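Visitor: Here's a structure for you.
Values in this text are rule-based calculations from the coordinates and carry no lab data. All of these numbers come straight from a predicted model, not from anything done at the bench.
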Amino acid sequence: MSDRDAAFEAYFTARSGAMRSTAYLLCGDWHRAEDLVQQTFTKIYLVWRRIERREAMDSYTRQTLVRTFLSERRRGWFRHEAVGSPPSDRAAPSADFAEERLVLLEALVKVPPRQRAVLVLRYWEDQSVEQTATLLDCSNGNVKSQAARGLATLRGLLEEERVR
């Protein structure tokens, strides 16, 4: 195994789990999240030797993941997905929050993809407005408006669920 392959393998091992969680929040399906992560890391492997700034890899990987998700949605490969249960290899959340978490995840899947990407990056990945704008290749104002719209949509969906 070459040094290049060993470095990539170490990076994949360290970060694939976190990227899978982010992908799940974007698409709402664990199997599809794994596909997105696989596509993302395949793209990264293909350019691995040209990447010089390894300290910025998380940002680059996150950007590739989000763009892969959005690109897939634009091409019309969209299928309606129901939010599934988390895989068995993860610890179950406490019973007090399990139902609320499922309701939130179901609502998040219904938020339009671009708004969902902004919400996941800003509030799950804890990225700044500027970092999110860089990742999505848009302006800071666009990130702010997408976040506001996404939060409003999410609040509306959660309110509908609460009323039921």
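Visitor: Subtract the Cα-Cα distance of S128 and L102 from 0.36 nm times their separation in residues, and report this length gain in nm to one decimal.
Guide: Numbers: separation 26, 0.36 × 26 = 9.36 nm, distance 2.61 nm.
Residue separation times 0.36 nm, minus the Cα-Cα distance, leaves 6.8 nm.
Visitor: For region 1-79, would you read off the P(r) tail past 15 Å as a percentage of all alpha carbon pairs? Could the numbers behind the result be given before it?
Guide: Values: 1666 of 3081 pairs.
The share of Cα pairs beyond 15 Å in region 1-79 comes to 54 percent.
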